[in-house]
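First comes the structure, then the notes that go with it.
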Ligand code: 26Q
């Protein structure tokens, strides 16, 4: 040991700990160390994936002290915690995001270089957890990021699907689905917590009994018991100590249940039981609307919701809480109706398991839950056949009946003799086969209901939730969706991030309204030139990716006109195709036509059973095959379908768009969030008055937004007058020609039947009003082309789009939820020095 005199004489040299130190050399050493001790590899035989894992563990190590300090902080009984219940969390890759939020991205990059590697290549290795279908799942992920960044105590509860959303390949122009094996090389971001497992019951029957105190009670005798094991992933906030937990549940068989007690001697039966149990978390349903009558789906929902509520009750009791005050400890948000069974489950836990009185339990339940609605489409409202529901969850059906009985008793008094009201408000749909209406359960069991954009919330009040709105005029509110600028700008658009930060500083990353300061620079031609250079570089990167993935060479000087989202008829990808064919026809008629070159880029998955959506993909690829090869077109049009649109790919897409297609039928898209990501990254929007488009247009200014199409009212009027799509076709020569081009087999090697179902539907019914909006869309696209010719003007509009998108940060959304719904406050986390603490432990 050196003498104390000696230490005092030397300048202090901070020796960095290998697991927490943030210096470049320490990071480099830690990567080498993890390669050896975790992957069990040395450089000569290590794969790129080994290095990715070594780096991921290096970054994870640096999260852990924050994570543990956060969990400790939330153990304080007076801390109120948000529990975000969602059947989907579409997180996307973690490595880059964590490095950014930790503030070590550049040092990590350098350490990787000094290890003889390339960070881009390592980031590319990460398999993204695709545990969601689209907007709803991605929103949950953005909200987790904002909750942590705002230092709001939160836990995300969901399902650890073994197979997430399928990978998409395009074969012969059609979608093919490939199983998503995201866990095959291990997941460095999760930690299993088997010690916190819980049991979940299914099926069987209920019986009544009288307890020792003489109370009449109900006991559920299940036919099946499944064990839920939590897997935790830290969600770090931006430059704060808060690392909240995403707790996803995996289903397993409880060994003791079958192997010992029940199935003695029946080894194969027990093994089968294990397989059956694990099914609950095997695979994500790849539909973004309900599939009728799939018992396993209801089982998944109940499984994770029961795990979550049991977990919360355990935490509450373990930290000295009292169940009468459960709602003061947890604010539970229902992400759509998928977790709505939680209302009945909390009642069951409070009444049956913890012996609270019904009235008290109901009061606690209503104060605990709030419900977010994400759709107006009547076919997308979740309902479960009563028989199926009662078979799987016999006790919950009784509880639903009891909630309904009490609720309808009250309605009967309130609206005397109004049978319509009763049947419309009832938890049970009795118009034909009987169903449990999950939205009604969510509405009745919650103290707040919210829509996800201003128009959507208004329409909720006027349509699907009209009776509830009359009943509780204060209960429905709006919280417009938002997106996290950390992933959707800082991580995915480093060039623009750098330009903006050099110009206005970096406060905008956590106060997005600061982007307003860019407005002044829209008039600065040097700034505009830099802005254009950034867009150009981003387009080159996407062009390279398109070449790699599709073999199609696109020109980065052409306008990148992009539509990426799930494939749905209401989103109208085929309206975009009608525009492409119209331009193609014009070119064929006039080979010298002067028009700015466009590259049309599509991306998105179709639900595997959604025939029409799959046909739309085939139409896009077929039109592309013809147009891209036609020498007459001379590179003025290119059509690309980018396969396997997911979070990772999308991070290359948003920054490189010139034009964002948000063209859903008015009244159908609840909000949209891709629309926000595009505009934030400086794309102009061509869009309808739908969802959040309306608010985006208000924010960026009508002069910087390309509006077309019928409004909700216009659609309703047309509907009432009697909409005849065929008339629109007959009276519009360009539309007629476009349709005829498809009909003739021009895009299908002469096969006139291939696209017949699509054309028939458009001409006979056209439920999404493509033909009614066609002319308006074409004229609007004409103006877009004209505007694009003036690069300076276009750049000005692009800058103003970014500058005025401050409202659409998910930080703003989360602040609104915190204030108007959850009543929660930020709780900053103090870092403790665990390295020192551990040293003390070692001595002991
Ligand atoms: C339900 C029951 C059974 C099987 C599947 C489902 C299911 C799964 C996913 C139903 C719906 C979804 C997803 C819906 C969704 O993503 N909605 C979108 O939510 C976004 C976030 O609020 C909005 O921006 C979009 O407008 C909305 O379409």
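The values are calculated or read from the model by the stated rules, or taken from the named source; none is laboratory data. Since this is a predicted model, take the numbers as computed values, not measurements. Don't worry about glycine lacking a Cβ; one is built from the backbone with ideal geometry, like all the others, and counts go over all protein chains shown.
Miscellaneous remarks
- Within the range 448-470, residues that are without any contact (Cβ under 8 Å) to a residue 12 or more places away in the chain reach partners that are assigned to a helix (DSSP H, G or I) with beta carbons closer than 7 Å, at six or more positions or on different chains, in the pairs 469/461.
- Whichever residue in the range 690-719 is part of a helix (DSSP H, G or I) and closer than 17 Å to residue 770 by Cα and, among such residues, is nearest to the ligand (Cβ to nearest atom): 712
- Any hit, the range 286-297, residues being within 16 Å of the ligand (Cβ to nearest atom), more than 17 Å from residue 164 (Cα to Cα) and at pLDDT 95 or above: yes
- Some residue of the range 706-715 being assigned by TED's automatic domain parsing to the domain that holds residue 758 and under 19 Å from residue 481 (Cα atoms): no
- Neighbours by Cβ (under 6 Å, 6+ apart or cross-chain): first from the range 737-749, without any contact (Cβ under 8 Å) to a residue 12 or more places away in the chain; second surrounded by fewer than 21 Cβ atoms within 10 Å (Cβ to Cβ): 745/751; 745/752
- The helices (runs of 4 or more DSSP H) located wholly in the range 582-687 that include 3 or more residues which are buried (at least 21 other Cβ atoms within 10 Å of the Cβ), touching a residue at least 24 places away in the same chain (Cβ under 8 Å) and touching a strand residue (DSSP E or B) at 6+ places or on another chain (Cβ under 7 Å) occupy 611-629, 674-680.
- Residue 28 being within 24 Å of residue 93 (Cα to Cα), touching a strand residue (DSSP E or B) at 6+ places or on another chain (Cβ under 6 Å) and not assigned by TED's automatic domain parsing to the domain that holds residue 189: no
- In the range 412-429, the residues that are within 33 Å of the chain's Cα centre (by Cα) and more than 16 Å from the ligand (Cβ to nearest atom): 424, 425, 426, 427, 428
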